[in-house]
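Okay, so here's the structure we're looking at.
The values are calculated or read from the model by the stated rules, or taken from the named source; none is laboratory data. Small disclaimer: the values here were computed from a predicted structure and weren't measured. The area values use the complete protein model at the heavy-atom level, side chains included, leaving out ligands, DNA and RNA. Shrake-Rupley method; radii C 1.70, N 1.55, O 1.52, S 1.80 Å.
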Amino acid sequence: MKVLGIETSCDETGLAVYDSARGLLAHTLHSQVAMHDAYGGVVPELASRDHIRRVVPLTERVLAEAGCTLADLDGIAFTQGPGLAGALLVGASIANALGFALGKPAIGVHHMEGHLLSPLLSDPRPAFPFVALLVSGGHSEFYGVRAVGDYTLLGQTLDDAAGEAFDKTAKLLGLPYPGGPALAKLAVHGHRAAAVLPRPMQDSGDLDLSFSGLKTAVSILARKEPLSQQRKADLARAFEEAIVDVLVAKSMAALDQVGLSRLVVAGGVGANTSLRERLHAAAAERGAKVFFPDLQFCTDNGAMIALVGALRLEQGTTTNYAFSVQPRWPLAAARSSADAVS
Ligand code: KG4
Ligand code: ZN
């Protein structure tokens, strides 16, 4: 099965070709980060327009790099949701138009299912079943994953997502968008224990999370004094340590709860070096194993959409090209392949 994947849910136009037999053949990405930088966050209308400009040339490029033509494809996968409605519509309309013209299925993919299964693009691939920690700009959730399409929500954030907390705290510290990587870079220069922050819900006894209080705690500390560069780094480090402590503790609790020893971490915050190191160490201590996607597939990309498209196509899908997008879409509702098809 050869599938073209199109990701346009937010501020990255991602294209890829995945082959069930040979793996990822090619992928390419255009990031809109520089364009949105002036506004301190993603401007939805600008995002949609830029996707329109990029998607066709990037499709041509990725097909050329994969050494195939449209006629070689078995299906076209696109991110159907969740995400920005206008941005999603760009990928959905291109995928369905191509599918209709070629007489091939257009496969609507859940963006978070893409993140969740993105470690399958790496070597070694995690075997099912596993626990998945999804930590992105809009999501912080634990899932029990038994098979493709079999996802049980184990716990989730009650307020801000981990990436959102990184981004908002970075903004407080005067760092550029997107804040997560900038804050992590600054945290390297912070002194240990120079600021004390809470570990929200670490001992709550469930797998839910809460991060908005952490951001508020940093804002209170930041307000008290004029911030030197060193103090900013100290606060960045304290924030990162608090969030990583909670995520590590809850991840180990999630493994205990379902009695598994494989943890998959996906989503943009999975690119955080401190989180990766601490999770590896904590898992190794108990004989468990952590799987991360390659760094380039932690944040949004077309490869994860092409991968899920191929997996869903193997399960069998039908399509009528009457496409829609789902800006809000709980992952558990993407359970059967039929639900994910437009
Ligand atoms: O998965 P993603 O690309 O987009 C969503 O689907 O939300 O995740 C983006 C999020 C942003 O909040 C960004 O600040 C965060 O992931 N992020 C990081 C790092 N790299 C990206 N957060 C902490 N440390 C990083 N190194
Ligand atoms: Zn994402």
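Close Lys pairs in segment 185-342 (alpha-carbon distance under 24 Å; sequence gap of 8 or more, or different chains): 8. For residue 77, the residues whose modelled amide H falls within less than 5 Å of its own, excluding neighbours fewer than 5 places apart on the same chain, are 4, 5, 6, 107. Of the solvent-accessible surface of segment 127-292, computed with a 1.4 Å probe and all protein chains present, 53% belongs to carbon and sulfur. Using a probe of 1.4 angstrom and keeping all protein chains present, the accessible surface of segment 127-292 works out to 42 square angstrom per residue. Note on residue 104: aspartates and glutamates with a C-alpha under 19 Å away, same-chain residues under 8 apart excluded, are 7, 19, 60, 72, 74, 314, 339.
Scalar couplings 3J(HN,Hα) for segment 272-289, obtained by applying the Karplus form with A = 6.51, B = -1.76, C = 1.60 to θ = phi - 60°, are 5, 4, 4, 4, 4, 5, 5, 5, 4, 5, 5, 5, 4, 4, 10, x, 9, 10 Hz; x denotes Gly and Pro. For the chain, the longest principal axis of the C-alpha atoms and the axis of helix 303-315 are separated by about 50°. For the chain, the longest principal axis of the C-alpha atoms and the axis of helix 162-172 are separated by about 60°. Counting only residues at least eight positions apart within a chain, or on another chain, the aspartates and glutamates with an alpha carbon under 16 Å from that of residue 171 are 37, 160, 234, 240. Extension gain for residue 261 to residue 199 (0.36 nm times residue separation, less C-alpha to C-alpha distance): 19.9 nm. Full extension of the segment from residue 35 to residue 245, taken as 0.36 nm per residue of separation minus the current Cα-Cα distance, would add 72.2 nm.
For residue 152 and residue 45 in one chain, what is 0.36 nm times their gap in residues minus the Cα-Cα distance, to one decimal in nm? Let's see the in-between values first.
Numbers: separation 107, 0.36 × 107 = 38.52 nm, distance 3.40 nm.
Value of the extension gain: 35.1 nm.
The fraction of accessible area contributed by carbon and sulfur in segment 6-103 is 58 percent, rounded to a whole number (1.4 Å probe; ligands and nucleic acids excluded). Summed over qualifying helices (DSSP H, 4 residues or more, each -39500 (n - 2.57)) and divided by its residue number, the chain shows a 222 nm mean residue ellipticity of -13500 deg cm²/dmol.
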